[in-house]
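Here's the structure we're looking at; comments come further down.
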Amino acid sequence: MVTAVKWSAAALAVALLVVGVVQQWDAIVRDFARLSVGTVVVGVLATLVALVANMASWRAMTAATGTRLPIAAASSVFFVGQLGKYVPGGVWSIAAQAELGRAHGLARTTSAAASLASMLVSMVTAALVGIIGLLVGAPDGLATFWWLALVAALGLVTLVPPVLARLIALAMRLLRRPRQVVTLSWGATTASIAWSAAMWLAYGVQATTVLRAFGADGPAVPPLATGAYAVAWLVGFLVVVAPAGLGAREGVLVLFLGPVAGVSGALALAVVSRALMTFGDVLLAAVGAALAVRHRRRTGSA
């Protein structure tokens with residue numbers, strides 16, 4: 001019964017992913033036709049680096065909660081579980097990772113706590129990177145967005161391990177998960193934050209490369225593209241009814257990048273970036289699934 005539920009959930013995630021690709025297929029073909037081979041290669045590599053950094057951030061957070069997973073095990077759990085983000089609701093990837101982690105001795109509650117902590121880190125670092133990027137890259141950014149420095153300071157406070165642990169406990173209570181006392185180590189939490197920041201910088205490389213292919217130019221493009229991308233992801237994540245933030249991210253990218261890339265360039269980035277991320281998710285999920293199969297064969301587990 002449990003196995004049937006697992007496969008049904010996986011099939012639903014894949015089906016929704018395919019539907020999303022089909023819905024944007026014409027735009028994907030049109031926009032990719034304008035990209036050079038070099039731009040696509042850089043975009044793919046930057047996306048894969050970002051996704052691996054995200055996994056490393058999650059793995060560091062599992063270590064912060066007291067369980068250190070080997071890289072192969074962490075890759076298997078994280079990348080396969082990430083397909084859950086294509087199911088509307090925002091928490092399916094956490095549930096998937098909690099279930100997948102059991103095969104590697106990771107308790108459901110511990111996995112859920114680590115995933116929630118990693119998610120909070122991603123959200124806060126997205127906000128911080130977004131704020132810095134907009135302050136530096138936007139026209140009159142310092143004069144217009146100076147008050148965002150207060151938001152940045154508040155975000156840094158939430159990443160202090162004792163505060164972050166309390167936020168995780170609150171999230172677990174809201175999700176009606178078993179109560180668990182969460183203690184986060186400073187070293188591993190700092191590593192998780194660093195990997196998350198590296199993820200946003202890699203996505204910034206992807207966004208900058210694509211925008212320049214569509215005519216955007218100037219020294220403001222890299223910081224503005226990085227900041228806008230991070231904020232777009234954050235808004236898309238918070239709009240839980242949309243699979244993988246579909247629609248919400250596009251609106252934010254147009255809002256912030258329209259002045260430097262035009263509406264068409266910003267929309268093209270949204271389409272190309274989503275296609276690159278989907279490709280990266282599928283590729284790394286396939287790698288994770290292969291690692292999971294190898295693990296089951298070695299341990300003889302079902």
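Of these, 93, 118, which one is part of a helix (DSSP H, G or I), more than 21 Å from residue 274 (Cα to Cα) and in contact (Cβ under 8 Å) with a residue 12 or more places away in the chain?
Exactly one residue qualifies, and that residue is 118.
Just one of 170, 134 is modelled with pLDDT of 75 or more, more than 24 Å from residue 67 (Cα to Cα) and part of a helix (DSSP H, G or I); which is it?
Just a single option satisfies the conditions, and that option is 134.
Going through the stretch 203-216 one residue at a time, which ones are surrounded by fewer than 19 Cβ atoms within 10 Å (Cβ to Cβ) and at pLDDT below 85?
Scanning the stretch 203-216 gives a single hit, 215.
The values are calculated or read from the model by the stated rules, or taken from the named source; none is laboratory data. Note that the coordinates shown come from a computational prediction; the quantities given were computed from them, not determined experimentally. Glycine gets a Cβ as well: all are built from the backbone with ideal geometry, and neighbour counts include every protein chain shown.
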